[in-house]
1. Search the stretch 85-133 for residues being surrounded by 15 or more Cβ atoms within 10 Å (Cβ to Cβ) and among the basic types (Lys, Arg), and hand back the single one that is farthest from residue 61 (Cα to Cα).
2. Quick one: in the stretch 75-129, of everything that is in contact with a helix residue (DSSP H, G or I) (Cβ under 9 Å, 6 or more places away or on another chain) and aromatic (Phe, Trp, Tyr), which residue is nearest to residue 39 (Cα to Cα)?
3. In the stretch 52-86, what residues are over 20 Å from residue 112 (Cβ atoms) and in contact (Cβ under 8 Å) with a residue 12 or more places away in the chain?
4. Among the residues of the stretch 127-171, how many are part of a helix (DSSP H, G or I) and closer than 25 Å to residue 106 by Cα?
5. Would you pick out the residues in the stretch 46-81 that are among the acidic types (Asp, Glu) and either buried (at least 17 other Cβ atoms within 10 Å of the Cβ) or assigned to a helix (DSSP H, G or I) (or both)?
6. With 48, 64 as the choices, which residue is more than 15 Å from residue 146 (Cβ to Cβ) and under 29 Å from the mean Cα position of the chain (by Cα)?
Amino acid sequence: MIAHEISQDGSRHDRLASKRLFVTLRNHWLSAGMQTVLDVSILSTAFVVAYLLRFEFELPPTEVHPLLIQIPFVVLLQYIALSLTGARSAIWRYTGMGHIKAFFNAALASVFVITVMRFELPEAYHAWRIPLSVNLIDCMLAFGGTFGLRVLRRGVFERSKRRSQVRANGNGHSSVRGSKKKSVLLIGVLGLAALLANTPPAH
């Protein structure tokens with residue numbers, strides 16, 4: 001019996017610990033700082049994937065050095081473009097189709113700057129000349145990914161909110177049902193007492 005109670009207490013403690021961990025991770029996932037980290041990660045990954053797609057996942061050794069030189073500049077440029085067009089300042093929990101314009105403008109600005117560099121830089125700066133195909137693929141992956149991330153975060157937030165509301169409503173219905181049962185029981189007891197009080201004594 002004691003062992004069973006200890007086991008129940010342990011499992012209850014584990015559930016509470018898991019719930020606290022989930023809430024902590026969710027709040028961290030929804031924080032502004034984490035949004036910046038995720039944006040930079042998506043922009044960096046998109047550029048690497050664009051290079052891999054350009055060379056059919058067989059990146060020549062001669063392209064590794066240009067890739068490493070270009071990626072910090074491209075990520076910084078795209079991050080600044082997202083900030084200047086207002087894409088990053090928009091509240092993510094209200095992200096919708098109306099916000100696509102800001103991401104589209106940021107993509108256009110980024111593609112334009114990189115394309116100008118491609119044609120205007122002299123041969124001495126060949127390592128900074130990003131291939132057009134890489135530029136276009138990266139544009140679609142980077143800005144599509146950052147927009148999709150905000151849509152995903154909104155979906156996670158709204159799902160969690162709905163669960164909380166359903167849980168709260170369920171508890172509310174339970175308390176209402178409990179109060180109704182208590183009221184019925186009290187009325188029954190009072191009615192029985194009144195009936196007994198009005199019943200004449202037997203002779």
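Here, each number is a calculation from the coordinates, and none is a lab measurement. Keep in mind that what you see is a predicted model, and the values were worked out from it rather than measured. No Cβ is skipped: glycine too gets one built from the backbone with ideal geometry, and neighbour counts run over all protein chains shown.
1. 88
2. 79
3. Scanning the stretch 52-86 gives 53, 63, 65, 66, 67, 69.
4. 26
5. Within the stretch 46-81, 63 is the sole residue that qualifies.
6. Answer to the check: 48.
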